[in-house]
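Asks: What follows is a single structure, and I will ask about it in a moment.
The values are calculated or read from the model by the stated rules, or taken from the named source; none is laboratory data. Bear in mind that the values here come from a model prediction, so they are computed numbers and not experimental data. Don't worry about glycine lacking a Cβ; one is built from the backbone with ideal geometry, like all the others, and counts go over all protein chains shown. The area values use the complete protein model at the heavy-atom level, side chains included, leaving out ligands, DNA and RNA. Shrake-Rupley method; radii C 1.70, N 1.55, O 1.52, S 1.80 Å.
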Amino acid sequence: MCWRGSDTDMPPPAPPPPPALPSRVGSLLRSDATAAPKRGRDALARLSRLSKREIDVLGLLAVGKTSKLIAYELSISAKTVEIHRARIMAKMGCGSLVELGRLWEAAIGALPASLDAIASEGDRLD
């Protein structure tokens with residue numbers, strides 16, 4: 001972007017640099033980053049316990065669909081969706097949708113690494 005103006009006009013001041021994080025916050029972020037791969041692997045292991053229909057329901061829950069919308073999209077009753085949802089929560093060990101969302105995000109974060117491992121394992125088998 002080119003600044004145009006007369007010699008007497010001054011360009012707008014640069015924004016201030018972001019504030020430094022307190023050392024405690026930085027150390028918490030670093031420790032969380034080292035624990036993330038383990039959480040991701042754990043999340044993938046938990047998700048592998050789900051049935052195909054539970055995975056269908058979980059995928060729609062993850063994008064924010066309501067039970068009624070999920071029931072409509074999957075051509076099942078809302079009560080059946082609620083039963084699948086309860087079983088998903090029990091199998092995943094989650095007490096709330098927020099916990100389930102965190103588990104889902106951890107699995108997504110671990111997915112590229114696990115796909116690389118599966119692909120390289122497949123290469124070794126050939």
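Asks: Just to be sure I understand the filter: pairs with C-beta atoms under 8 Å, separated by 6 or more residues or on different chains, first member in region 58-82 and over 20 Å from Cys94 (Cα atoms), second member not in a helix (DSSP H, G or I). Which pairs pass?
Replies: Qualifying pairs under 8 Å: Ala71/Ser77; Glu73/Lys65.
Asks: Being of a type in the set (Val, Ile, Thr) and either over 25 Å from Pro37 (Cα atoms) or surrounded by 14 or more Cβ atoms within 10 Å (Cβ to Cβ) (or both) is the requirement here; does Val81 meet it?
Replies: Details: of a type in the set (Val, Ile, Thr): yes; either over 25 Å from Pro37 (Cα atoms) or surrounded by 14 or more Cβ atoms within 10 Å (Cβ to Cβ) (or both): yes.
Yes; evaluated as a whole, the condition is true for this residue.
Asks: So, in region 35-85, how many residues would count as being farther than 18 Å from Ala110 by Cα and not in a helix (DSSP H, G or I)?
Replies: 8
Asks: Out of all the residues in region 1-45, which are touching a Leu at 6+ places or on another chain (Cβ under 6 Å) and modelled with pLDDT under 70? Before the answer, list the steps.
Replies: Step one: of region 1-45, the residues touching a Leu at 6+ places or on another chain (Cβ under 6 Å) are 43.
None - no residue of region 1-45 is touching a Leu at 6+ places or on another chain (Cβ under 6 Å) and modelled with pLDDT under 70, so the list stays empty.
Asks: Criterion first (assigned to a helix (DSSP H, G or I), at pLDDT below 80 and open to solvent by less than 50 Å² (accessible area, probe 1.4 Å)) does Ala106 satisfy it? Let's see the steps before the verdict.
Replies: Values: assigned to a helix (DSSP H, G or I): yes; at pLDDT below 80: no; open to solvent by less than 50 Å² (accessible area, probe 1.4 Å): yes.
Answer is no for this residue.
Asks: Could you please give the count of residues in region 55-114 that are over 22 Å from Ala45 (Cα atoms) and among the basic types (Lys, Arg)? Walk me through it before giving the result.
Replies: To start, the set of residues in region 55-114 that are over 22 Å from Ala45 (Cα atoms) comprises 64-82.
Still in the running and among the basic types (Lys, Arg): 65, 68, 79.
The total comes to 3.
Asks: Quick check: anything in region 46-55 open to solvent by less than 60 Å² (accessible area, probe 1.4 Å), at pLDDT 75 or above, among the charged types (D, E, K, R) and more than 17 Å from the chain's Cα centre (by Cα)?
Replies: yes
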